[in-house]
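Just below is one structure, and these are the notes that go with it.
The values are calculated or read from the model by the stated rules, or taken from the named source; none is laboratory data. Model, not experiment: these values are computed from the prediction. All Cβ positions, even for glycine, are placed from backbone atoms using ideal geometry, and neighbour counts span all protein chains on display. Just the protein is used for accessible areas: all its heavy atoms, side chains included, with ligands, DNA and RNA removed. Shrake-Rupley method; radii C 1.70, N 1.55, O 1.52, S 1.80 Å.
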Amino acid sequence: MIVAKSIAECRAVRAAMGDSLGFVPTMGALHEGHLSLVHESKRRATKTAVSIFVNPTQFGPKEDFSKYPRPIDEDLLMCREAGVDFVFLPEPIDIYPTDAAKMTIEFPELFGVLDGVHRPGHFAGVCQVVAKLFNIVLPSVACFGQKDYQQLAIIRAMVKALDFPVEIVGCPTHRDPDGLAMSSRNRYLSTSERDRALAISRSLFAIRDTAARGQRDVVVLAKQLQDGLLDGWQSPVKVDLQYGAIVDVDTLQPIDRIDHAAQALVAMKVGSTRLIDNVRLTIGHG
Ligand code: AMP
């Protein structure tokens, strides 16, 4: 496995990789969820590249950029064992020299909801870094997790709008056996916080079942979701529910009633750790 640290090195390595290159952009602190993207990339392309870069421009001033975990040796070992062909490991100064961080991409509708509201500037930072990484790594396929559902929708929109010659693949959310969606931020959780965090997947699964039984009314489903997140938890852990929303699967705009399918998304702070998760709601024949 080759580790490229500069853009020039990365371009040279990439040039030797041939046409079929799968790409998994990450911020490191890798877990099984990231590795499931690597496996998908290896199924779809001859070679696979992973980037590990904690992108400063997607963190707000009060967010966890400086304390974000950076276990780089473990990450490289996991990549090697997963059969990754090359890792791009740049520094912020390589990615953002001079004015590069001032260039922004915006999608008003997709940025104007959910995490776009609660994390101003976040998706502009994501688009900035992903656009640059695509131009440096030149992948034919790139794998992203449905765990970051809004991010995936925005990347798809960006690739379409700017004609990036890359196929975007959305991969299922990888979960711990008890349902908690895997996240690099889960390592911040204490035992009691982790128990409380189970409310997120459990309430999402509960409304998925309710929808599957035929409930189409979003007000009813949203109320069940909110109750599941906030009620009946005998726990000293403080939570801050930022949103529990049911939206159109493509536009992410609010809906009143589910025709065929919808997406339910949650962002909740558990203690000081902000967690997100989502599920697809599909109406059964109720
Ligand atoms: P991150 O390192 O958090 O920026 O994530 C890098 C990529 O891994 C993104 O495409 C995420 O959506 C994806 N990812 C993170 N957690 C999971 C998970 N639990 N299951 C599947 N994909 C994930």
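Worth a mention:
- Considering the conditions (1) closer than 24 Å to Pro120 by Cβ; (2) open to solvent by 40 Å² or more (accessible area, probe 1.4 Å), Gly244 is excluded by exactly one of them, (2).
- Taken together, His122, His118, His34 contain a single residue that is closer than 23 Å to Ile154 by Cα and open to solvent by 60 Å² or more (accessible area, probe 1.4 Å), which is His118.
- Condition check for Leu229 on (1) within 28 Å of Pro120 (Cβ to Cβ); (2) open to solvent by 50 Å² or more (accessible area, probe 1.4 Å): one failure, at (2).
- Matching residues, segment 165-185, being open to solvent by 30 Å² or more (accessible area, probe 1.4 Å) and within 15 Å of the ligand (Cβ to nearest atom): Glu167, Pro172, Thr173, His174, Arg175, Asp176, Pro177, Asp178, Met182, Arg185
- The condition of being without any contact (Cβ under 8 Å) to a residue 24 or more places away in the chain, within 24 Å of Pro172 (Cβ to Cβ) and surrounded by fewer than 15 Cβ atoms within 10 Å (Cβ to Cβ) holds for only one of Glu81, Glu106, that being Glu81.
- Hits in segment 67-77 (condition: open to solvent by 50 Å² or more (accessible area, probe 1.4 Å) and under 20 Å from the mean Cα position of the chain (by Cα)): Lys67, Arg70, Ile72
- Single unsatisfied condition, Cys143 versus (1) in a helix (DSSP H, G or I); (2) surrounded by 20 or more Cβ atoms within 10 Å (Cβ to Cβ); (3) within 11 Å of the ligand (Cβ to nearest atom): (1)
- The C-beta contact set for segment 133-150 (first residue modelled with pLDDT of 95 or more, second residue among the hydroxyl-bearing types (Ser, Thr, Tyr) and not in a loop (DSSP other than H, G, I, E, B), distance under 7 angstrom, 6+ apart or interchain) comprises Leu133/Ser51; Val137/Ser51; Val141/Ser41; Cys143/Ser41.
- For the residues Val130, Val113, Val117, the requirement of being part of a helix (DSSP H, G or I), more than 14 Å from the ligand (Cβ to nearest atom) and among the aliphatic types (A, V, I, L, M) singles out Val117.
- Selection status of Leu229, closer than 30 Å to Lys67 by Cα and in a helix (DSSP H, G or I): yes
- For first residues located in segment 5-22 and free of Cβ contacts under 8 Å to residues at least 60 places away in the same chain, partners that are not in a helix (DSSP H, G or I) and lie 6+ apart or on another chain with Cβ distances below 8 Å form the pairs Ala12/Ala4; Gly18/Thr46; Gly18/Lys47.
- Answer residue from segment 37-54, given it is buried (at least 20 other Cβ atoms within 10 Å of the Cβ) and within 14 Å of His174 (Cβ to Cβ) and is nearest to the ligand (Cβ to nearest atom) among those: Leu37
- Within segment 186-217, considering residues that are more than 30 Å from Ala142 (Cα to Cα), assigned to a helix (DSSP H, G or I) and polar (S, T, N, Q), the one most open to solvent (accessible area, probe 1.4 Å): Thr191
- Beta carbons closer than 8 Å, at least 6 apart along the sequence or on distinct chains, pair a first residue in segment 196-214 that is modelled with pLDDT of 95 or more with a second that is assigned to a helix (DSSP H, G or I) and of a type in the set (Val, Ile, Thr) for Thr210/Val220.
- Top-ranked residue in segment 186-209 [being basic (Lys, Arg) and farther than 22 Å from Leu281 by Cβ; ranked as farthest from the ligand (Cβ to nearest atom)]: Arg196
- Selection status of Asp64, surrounded by 12 or more Cβ atoms within 10 Å (Cβ to Cβ), touching a residue at least 40 places away in the same chain (Cβ under 8 Å), acidic (Asp, Glu) and farther than 25 Å from Glu9 by Cα: yes
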